[in-house]
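> Next up is a structure, given as C-alpha cells.
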Amino acid sequence: MFFSSLFFRTQELLWAYLATGLHEGAHLLVCILLKEKPKEISFGIFGAVLKTEYVESSKKKLIISAAGPLFSLIVFIYMYALRIIFHIK
C-alpha cells in the first residue's frame, strides 16, 4: 500500500514538472519569436522562472508574461475536452 501511494505521488510530481516545463517553454518560445534574449530558466522546488535580458517594450513584456498562462489554459481545455469525449475518470 505504501509503495503504491508513493508511486502515484511520484507520478503526480512528474506531471507537475512536465506542466511547469511546458508553461515556461511557452514563455521561452514567445520570447525568442519576439527577438528578445532569454537569460535562463531556473527550476526550483516550487516552480520555475524564465529570466530575460532587459525588455524595453511593455507590450512585449505583457505578451511574454501572458504566453505561459495562456498556453496552460489551452492545454487544460484540450485535456478536459478529451476527458469528456472519451469518458476518462
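> How about the stretch 35-56: which of its residues are assigned to a strand (DSSP E or B) and either out of contact with any strand residue (DSSP E or B) (no Cβ under 9 Å at 6 or more places or on another chain) or open to solvent by 100 Å² or more (accessible area, probe 1.4 Å) (or both)? Talk me through it step by step, then tell me what you get.
Kept after step one, since they are assigned to a strand (DSSP E or B), are these residues of the stretch 35-56: 38-44, 47-52.
Answer for the stretch 35-56, where residues must be assigned to a strand (DSSP E or B) and either out of contact with any strand residue (DSSP E or B) (no Cβ under 9 Å at 6 or more places or on another chain) or open to solvent by 100 Å² or more (accessible area, probe 1.4 Å) (or both): Lys39, Phe43, Gly44, Gly47.
> Could you pull out the residue among Ile74, Ile84 that is open to solvent by 50 Å² or more (accessible area, probe 1.4 Å) and more than 19 Å from the chain's Cα centre (by Cα)?
Details: Ile74 fails: more than 19 Å from the chain's Cα centre (by Cα).
Matching residue, one of Ile74, Ile84: Ile84.
> Within the stretch 5-47, restricting attention to residues that are among the small types (Gly, Ala, Ser) and under 14 Å from the mean Cα position of the chain (by Cα), which residue is farthest from Ser57 (Cα to Cα)? Before you say what the answer is, go through the steps one by one.
Step one: filter the stretch 5-47 for residues among the small types (Gly, Ala, Ser), giving 5, 16, 19, 21, 25-26, 42, 44, 47.
From what is left, the residues that are under 14 Å from the mean Cα position of the chain (by Cα) are 16, 19, 21, 25-26, 42, 44, 47.
Details: Ala16: 32, Ala19: 28, Gly21: 25, Gly25: 21, Ala26: 19, Ser42: 23, Gly44: 28, Gly47: 26 Å.
Here the residue is Ala16.
The values are calculated or read from the model by the stated rules, or taken from the named source; none is laboratory data. Computed from a predicted model, the values in this text were never measured in an experiment. Every residue, glycine among them, receives a Cβ derived from its backbone with ideal geometry; neighbour counts consider all protein chains shown. SASA here: full protein model, heavy atoms, side chains in, ligands and nucleic acids out. Shrake-Rupley method; radii C 1.70, N 1.55, O 1.52, S 1.80 Å.
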